[in-house]
Every structure is written in C-alpha cells, then in structure tokens.
Amino acid sequence: MLYRPGDVAAEGPKVRFQPVNPMLGFSLDKAAQRDFQVFGDRLGCLQHYGDESFDISRVAAMDLDKNYLVAIHQGLCPTGGYSVSVESVRASAGSVTITVDFQEPGPDDIVTMAMTTPSLFLLVPRRRGTRSPSFIFRDKEGALLAERMPVYGKAAPNAQM
C-alpha cells in the first residue's frame, strides 16, 4: 500500500498519513548527525529525546497505539536553505519503505547565515494484526540510507507519561 501526505488508505478503517508538527522540541545533540528513528510508543520517544527537551504534551496528543512516530533528522547544517521531505511511504508485508529527499541550497541561493537542523516528524499508520515492521529509508535514487525497527520504551518504576 502506498501512502502519500494527505492520502486516505482504502482498506480497513480509514487511516491518514500525516506530517507531525516539526516544532515538537528536541535536543540539539540528538539532531546534530543525520539520523532516522521509529518509535512504537511514547515512552520510547521520550527516553530517546529526554523528558526535559521534548514537548511532552504534543507527544501525548499523538495516537501511538494506531501509528508509529518516525523522526528524520538531516543533521547540523552550516546555513539555512536545507530541508528534508518524504517523497512516499510504501507499506508491504513486514516492511515500510520511506523515500526521503534531503535538499541543499543552490550556490546562488540567499540563505540564513545560521546553523540549522532540518528535521521531519510524521505518523505512519499501523496495520492491524501484524508484527512491528522493519522501516527502510531510501533516497530518491533508491540507495539504502538506514533500516530501523520501532523502539519501545522500557518502563521505569516511577516513569511518568
């Protein structure tokens, strides 16, 4: 099944592939390098980014029982004009392939003279009755960028959500 931003899946209950607000708030340390993450629950996300640096109320508002939260970080960039976008999300038996496009400014583009950390957060619907799929990240030419399994948090005795 192919999901594109704004598309509605035809099979089963209607689900929506939707970008998530990129201003969730996260630690600059976690976004300094190109990175791909998939979270299966809130606790996994909060443990990865740290409770203090992440806007817990926005994470709590996401339905992570029905969706996976995917985070794509381009890494620390020397100026503005860099961006990350998702071309497509294709689900098949046991895997989800996400085609990612990392863009850079052109040589004559006017850009902000400040370091930036382009990131994209999106929700990918879970398929009923299946195990956690492998998430495969590829560039537009099809080259493998990363492969990830969803991360689930390990409940601490006094973990708060």
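No value in this document is a laboratory result; all are computed from the given coordinates. Remember, it's a predicted structure, so these values are computed and weren't measured experimentally. Don't worry about glycine lacking a Cβ; one is built from the backbone with ideal geometry, like all the others, and counts go over all protein chains shown.
Quick one: which residues, 5 or more positions from Arg126 or on another chain, have an amide H under 5 Å from its amide H? H modelled 1.01 Å from N in the peptide plane, none for Pro or chain starts.
Correct list: Asn67, Tyr68.
Under a 5 Å amide H to amide H cut-off, with H placed in plane at 1.01 Å, what residues pair with Ala32 once short-range neighbours are removed?
When sequence neighbours closer than 5 places are left aside, there are no close amide H contacts.
With r defined as the distance between the Cβ atoms of Leu145 and Ala60 and R0 fixed at 41 Å, what FRET efficiency is calculated, to the nearest 0.05?
Once rounded, the FRET efficiency stands at 0.90.
By its C-alpha gyration tensor, with a ≥ b ≥ c as the square roots of the eigenvalues, how is region 66-161 shaped: rounded for a/c under 1.5, else prolate for a/b larger than b/c, else oblate?
oblate
For Leu145, list long-range residues whose amide hydrogen, built 1.01 Å from N in the peptide plane, is under 5 Å from its own amide hydrogen.
Correct list: Phe137, Arg138, Asp139.
Determine ³J(HN,Hα), in whole Hz, for all residues of region 102-113 in sequence, where each value follows from phi through the Karplus function 6.51 cos²θ - 1.76 cosθ + 1.60 and θ = phi - 60°; x replaces Gly and Pro.
With the stated coefficients, region 102-113 comes to 9, 10, 10, x, x, x, 9, 5, 8, 10, 5, 8 Hz.
Determine Rg/Rh for region 37-116; Rg is computed over alpha-carbon atoms and Rh is the Kirkwood hydrodynamic estimate from the same atoms. Numbers along the way, then the final one.
Details: Rg = 15.9 Å, Rh = 15.1 Å.
Using only Cα positions, Rg/Rh for region 37-116 is 1.05.
Whole-Hz ³J(HN,Hα) for each residue in region 119-136, computed from phi via Karplus 6.51 cos²θ - 1.76 cosθ + 1.60 with θ = phi - 60°, x for glycine and proline: what do you get?
9, 9, 10, 8, 9, 10, x, 7, 9, 5, x, 10, 6, 4, x, 7, 9, 10
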